[in-house]
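Visitor: The structure under discussion is supplied below as C-alpha cells; questions concerning it will follow.
The values are calculated or read from the model by the stated rules, or taken from the named source; none is laboratory data. It should be emphasised that the depicted structure is a prediction, and the values quoted were computed from it without experimental measurement. No Cβ is skipped: glycine too gets one built from the backbone with ideal geometry, and neighbour counts run over all protein chains shown.
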C-alpha cells in the first residue's frame with residue numbers, strides 16, 4: 001500500500017547550494033542600532049518627588065498617635081522615619097516581618113491608580129485585635145504560626161479605618177490622595193500590582209506602645225504616584241535648563257506648621273474632666289526658660305517669649321542640635 005510522503009520544503013539542490021554559500025561566504029549578521037534603556041528611571045523619578053511628599057509624614061505620624069492612643073487606650077508614640085525608594089524585592093524583606101497588610105485602593109487627583117499598602121507588624125496588629133475582643137490592649141498574646149483570621153481581619157478593617165482616613169487628610173499635596181481599605185492580606189504577592197520589579201516609595205513609622213516597640217509601613221508604587229510628577233516638579237527639565245531648580249523652589253513654597261510649646265503636664269482623666277474656666281494648670285517650664293519651636297512636630301529652634309507690636313511673639317536664640 002503506497003503512502004504519501006510530505007513534500008520537502010527545500011530540494012536537495014537547494015540545500016546543497018545553501019551549504020556551499022555558507023562555506024564560501026562570511027555570514028553577515030543582522031545589524032540594528034542599539035536602544036538605550038534606563039532601568040533606574042522610576043527610581044529617579046521617585047527620588048525627585050521625595051522631598052515634597054515627605055512634608056506631610058510628620059502630620060501623619062501625629063494623627064496615627066492620636067488614633068492609636070484612642071483605640072488602645074494607653075500611651076502611644078508614633079514617629080515617621082526617613083522615606084526610601086525600594087524595589088519589590090526590598091519591599092518583600094520589609095513586609096515579611098508584617099503580620100498583615102492593608103490593600104489600599106488609591107485614587108490620585110481624582111483617578112484610580114491601583115493599590116498601595118499599609119503593613120502592620122505583629123505587636124500593633126494583635127494589640128488592636130485583643131482590644132477589639134475586650135482585652136486591655138497591653139502585652140498581647142502574639143501567635144507565631146498564623147496570620148489574622150477572617151474575623152480578626154474584619155475587626156482590623158473596622159477599627160483601623162480612622163488611620164486610612166488620616167492618610168487622606170495629612171499627605172501632601174493636600175487633597176491629592178484618597179485611600180480605601182478593600183481587604184487585608186498576609187502576603188505581598190496577593191496585593192494587585194506588586195511584583196519583584198515594582199519600585200515603591202516606602203515610608204516607615206516606628207511606635208512605642210507602652211513599653212513595647214512596634215512599627216508600620218506605607219508603600220506607594222511609582223505607578224500610583226506618576227500623576228504627581230508634573231504637579232511636584234513640573235515638566236521633565238532639559239539638562240542645563242533653568243527649570244532644573246523647580247523642585248527646590250516648590251519645596252520652599254510648601255506650607256508647614258510651626259508651633260511653640262509653652263509647657264506640658266500630666267493629669268489624671270478625672271482631673272481633666274473636672275476642669276472649668278478660671279482654673280489654673282501648673283506647667284513644667286519656668287517662665288525664664290527657653291521655649292522649643294517645632295516645625296511639623298520636630299524641634300528645630302529655641303527662643304524666649306517677647307512682645308511685638310502688642311502681640312505675643314518669640315525671639316529665636318539658637319538652633320536645636
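Visitor: Read through the list (1) touching a helix residue (DSSP H, G or I) at 6+ places or on another chain (Cβ under 8 Å); (2) at pLDDT 85 or above, then give the number of the only condition that residue 302 fails.
Guide: (1)
Visitor: Scan 72, 19 and give me the residue that is in the same structural domain as residue 89 (by TED's automatic domain parsing) and modelled with pLDDT of 70 or more.
Guide: Of 72, 19, the one residue that is in the same structural domain as residue 89 (by TED's automatic domain parsing) and modelled with pLDDT of 70 or more is 72.
Visitor: Regarding residue 109, is this residue surrounded by fewer than 22 Cβ atoms within 10 Å (Cβ to Cβ), closer than 16 Å to residue 222 by Cα, assigned by TED's automatic domain parsing to the domain that holds residue 175 and in contact with a strand residue (DSSP E or B) (Cβ under 6 Å, 6 or more places away or on another chain)?
Guide: Judged against the criteria, residue 109 is not a match.
Visitor: Further question: In this structure, is residue 184 assigned to a strand (DSSP E or B) and closer than 16 Å to residue 101 by Cα?
Guide: Yes; evaluated as a whole, the condition is true for this residue.
Visitor: Just to be sure before I move on: is residue 275 over 22 Å from residue 78 (Cβ atoms) and exposed (fewer than 11 other Cβ atoms within 10 Å of the Cβ) in the structure I sent?
Guide: It is true that residue 275 is over 22 Å from residue 78 (Cβ atoms) and exposed (fewer than 11 other Cβ atoms within 10 Å of the Cβ).
Visitor: In this structure, does residue 77 turn out to be in the same structural domain as residue 213 (by TED's automatic domain parsing) and farther than 22 Å from residue 257 by Cα?
Guide: no
Visitor: Which residues, counting only those in region 119-133, are in contact with a helix residue (DSSP H, G or I) (Cβ under 7 Å, 6 or more places away or on another chain) and not in a helix (DSSP H, G or I)?
Guide: 119
Visitor: Quick one: in region 65-100, which of the residues that are under 13 Å from the mean Cα position of the chain (by Cα) and part of a helix (DSSP H, G or I) is surrounded by the fewest Cβ atoms within 10 Å (Cβ to Cβ)?
Guide: So, considering only residues that are under 13 Å from the mean Cα position of the chain (by Cα) and part of a helix (DSSP H, G or I), the one surrounded by the fewest Cβ atoms within 10 Å (Cβ to Cβ) is 94.
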